[in-house]
Structures are given as C-alpha cells and as structure tokens.
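The block underneath contains the structure these notes are about, expressed in structure tokens.
The values are calculated or read from the model by the stated rules, or taken from the named source; none is laboratory data. In this text the structure is predicted, and so the values were computed from the model without any measurement. Counting neighbours? That spans all protein chains shown, and the Cβs are built from the backbone with ideal geometry, glycine included.
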Amino acid sequence: MEFRVYACVLDTNSTGAQDLSNKCQFKDEICIVRMDVTIDEDINRCHEFVVADLQTSGRVLWSVVNNAGVMTYGHLEWGKFSQYTKVFDVNVFGVVRVTRKFIPLIRESKGRLVFTTSQAGRVALDNLGVYCMSKAAIIAFTDVLRREMRPFGVRVSNIEPMLFKTVMVTLVKHEFNKNWSETDGAIRDVYGEAYAQRQIKVFDFIMSMAMANGNLDIVVDDMVDAVASRRPNKYYRPVHRWWLHGYHRMARITPQWFTDHIFYTLNSKKPAFMENNNNI
C-alpha cells in the first residue's frame with residue numbers, strides 16, 4: 001500500500017522538518033506543511049492545501065495521525081496556571097480541532113483516525129499531573145469517537161506508549177526549572193529547595209529503573225499498523241521491555257492504596273513545612 005504523506009510541523013525550516021525532506025525514502029510522496037494545532041487559521045489552511053492536493057492527484061485522505069503534544073513537570077500548585085491551558089490547548093483541544101476538521105474527508109474514504117496518547121493517561125504519575133490529565137481526556141475522546149465512527153466504517157485507534165525517550169522527555173528538566181521559578185514565593189517556602197530538587201531525581205530514577213530508551217521504531221510500527229492493517233487494534237501499547245507488556249493490566253487491578261504507597265516511597269523527602277513543624 002502506497003501513501004502520500006502530509007507531515008505537519010510547527011516550523012518548516014526546523015531541523016526535524018528538514019530531516020523529513022532529506023531522509024525520506026520516497027521524497028516525491030511527502031509534503032511538509034506548517035500547522036499549529038492551537039490556531040484555527042493554520043488548521044483551515046492545511047485542510048485547504050490537502051483538499052486541493054487530493055483533487056489534483058485524484059486520491060482520498062486515508063488517515064489522520066494525531067501526534068502533537070507538550071509536557072510540563074512539577075507539582076500541581078507550582079508554576080503559573082497558564083501551564084494547564086498550554087498543555088490542554090495542544091494535547092486536547094488541538095487534537096479535537098484537527099480531528100473535527102478532517103473527519104468529513106476520513107468518513108468519505110472510510111479510513112482511519114489514529115491518536116497518540118500515553119499509558120500515563122491510565123495511571124497518573126506524580127509531577128506529571130497536567131500531562132496525565134490531558135492524555136486521559138484524549139483516551140476518553142477516542143473511546144467515544146470509535147463508537148460514533150463505526151457506522152461510517154471509520155476505524156479509530158489509540159497508541160499508548162510507555163517510557164520512551166522522546167525529545168519531549170529531554171525537556172523535562174527545563175520545564176521543571178521554569179515551573180519552580182514561576183511558583184509563588186510563599187508556596188516555594190512550603191516545599192523548600194531541597195524537596196523541589198528531589199523531584200528531578202525521582203524522574204531520573206523512574207526512567208533508569210524502566211531502562212527507557214529512544215527506539216521509537218517500536219511506536220512507529222504500531223502507528224503503521226493502525227493506518228495500514230486490514231483490522232487495526234483499538235489500542236496499541238508499545239513498550240521496549242518484555243516485562244512492561246502487562247503493565248496496563250496490572251495497573252487496572254492494583255489497589256489505589258498500593259499505587260499511592262509506591263509513589264510515597266519514591267518521594268520520601270518531606271517538604272520543608274513538614275520538616276520544620278516536626279522539629280518544633
């Protein structure tokens with residue numbers, strides 16, 4: 001099966017966009033299109049381009065793969081409230097904007113709608129609360145959309161990767177420093193600098209414990225299957241270690257008190273407020 005790919009990027013002059021153009025095996029079958037999923041005008045412009053190109057080539061749009069995402073790191077009361085709106089505008093409302101705009105074309109082809117979420121949308125992780133909230137929202141969106149699209153012959157798949165070292169993960173420390181620096185002084189005093197810095201060590205420990213790696217081919221292979229398979233799965237849960245394959249099943253049956261205990265143990269450092277009160 002051959003496809004013409006419309007690869008949407010924030011900046012057509014970026015390194016990633018240039019790599020897509022230069023390293024693609026079938027250069028004549030890829031179009032690099034600028035689109036910010038938070039801007040309706042960008043989405044409309046992209047839609048117009050795709051429709052015109054399809055009419056010229058005599059093809060149909062077979063699939064939309066929603067992969068745009070951002071992450072923030074830190075406790076839920078740290079940083080500015082704008083971090084919530086930024087994450088949700090990209091991870092949730094951006095996904096919904098793009099999907100709603102392109103559904104008519106996918107309905108016409110009886111094609112595929114594919115979403116990249118995360119297993120963090122199933123089990124919420126400390127310091128990644130905002131990100132987990134956004135992914136949980138899209139998991140709910142895909143579940144409902146899958147049922148609503150079934151009468152039209154449109155398949156909906158959800159890709160839920162776990163612990164891969166993407167570019168987004170490399171920005172965690174930057175996001176943490178930004179959130180902590182923008183936290184109100186009175187709240188910073190409650191937690192203390194030592195406690196705050198401990199949160200980065202917890203993240204590093206989780207990534208090292210799970211031996212997270214950057215082999216994104218595992219995820220991409222599932223995306224390809226969701227797009228091209230005759231009978232795509234409803235859910236794909238790509239992992240890079242055999243012992244992580246049953247994680248989502250274990251998470252569903254694990255009592256919440258046990259999950260809470262694991263996170264309490266990982267983050268055993270007490271906030272400054274508690275240490276000071278215990279010393280009184």
key: Looking only at the range 27-39, and only at residues there that are over 20 Å from the mean Cα position of the chain (by Cα) and charged (D, E, K, R), the one that is modelled with the lowest pLDDT   = 27
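Which one is surrounded by the most Cβ atoms within 10 Å (Cβ to Cβ), of the residues in the range 105-135 that are part of a loop (DSSP other than H, G, I, E, B) and touching a strand residue (DSSP E or B) at 6+ places or on another chain (Cβ under 6 Å)?
The first filter runs over the range 105-135 and keeps only residues part of a loop (DSSP other than H, G, I, E, B), leaving 110-111, 117-118, 122-128.
Add one more test, that the residue is touching a strand residue (DSSP E or B) at 6+ places or on another chain (Cβ under 6 Å), and what stays is 111, 117.
Details: 111: 21, 117: 25.
Filtering the range 105-135 for residues that are part of a loop (DSSP other than H, G, I, E, B) and touching a strand residue (DSSP E or B) at 6+ places or on another chain (Cβ under 6 Å), the one surrounded by the most Cβ atoms within 10 Å (Cβ to Cβ) comes out as 117.
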key: Residues (surrounded by 12 or more Cβ atoms within 10 Å (Cβ to Cβ) and closer than 18 Å to residue 90 by Cβ) located in the range 18-44   = 33, 34, 35, 36, 37, 38, 39, 42, 43, 44
remark   = Flagged in the range 15-36 as part of a helix (DSSP H, G or I) and within 15 Å of residue 3 (Cβ to Cβ), in numbering order, are 20, 27, 28, 29
note = Note on the range 159-191: residues under 14 Å from the mean Cα position of the chain (by Cα) and touching a residue at least 40 places away in the same chain (Cβ under 8 Å) are 159, 160, 161, 162, 163, 164, 165, 166, 168, 169, 171, 172
note = Of the residues in the range 220-253, those that are modelled with pLDDT under 80, assigned to a loop (DSSP other than H, G, I, E, B) and either among the charged types (D, E, K, R) or more than 20 Å from the chain's Cα centre (by Cα) (or both) come to 241, 246
key: Filtered residue count, the range 1-13, keeping only those that are within 24 Å of residue 93 (Cβ to Cβ) and loosely packed, with under 13 Cβ neighbours inside 10 Å   = 1
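Across the range 77-121, what is the number of residues that are over 19 Å from the mean Cα position of the chain (by Cα) and within 30 Å of residue 196 (Cα to Cα)?
Selection size over the range 77-121: 5.
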query = Which members of the range 72-104 meet the condition of being part of a loop (DSSP other than H, G, I, E, B) and either on the phi > 0 side of the Ramachandran plot or buried (at least 21 other Cβ atoms within 10 Å of the Cβ) (or both)?
reply = 72, 73, 74, 78, 79
ask   = Quick one: how many residues across the range 37-71 are polar (S, T, N, Q) and in a loop (DSSP other than H, G, I, E, B)?
value = 2
key: Unique match (being among the charged types (D, E, K, R) and out of contact with any helix residue (DSSP H, G or I) (no Cβ under 8 Å at 6 or more places or on another chain)) among 53, 36   = 53
ask   = Among the residues of the range 45-58, how many are exposed (fewer than 15 other Cβ atoms within 10 Å of the Cβ) and among the β-branched types (Val, Ile, Thr)?
value = 2
message = Return the pair list, or none, for Cβ contacts closer than 7 Å from residues in the range 1-15 that are farther than 14 Å from residue 67 by Cα to residues that are in a loop (DSSP other than H, G, I, E, B), at least 6 apart or on different chains.
response = 3/62; 4/59
task = Please enumerate the residues belonging to the range 145-198 that are surrounded by 19 or more Cβ atoms within 10 Å (Cβ to Cβ), part of a helix (DSSP H, G or I) and modelled with pLDDT under 90.
result = 172
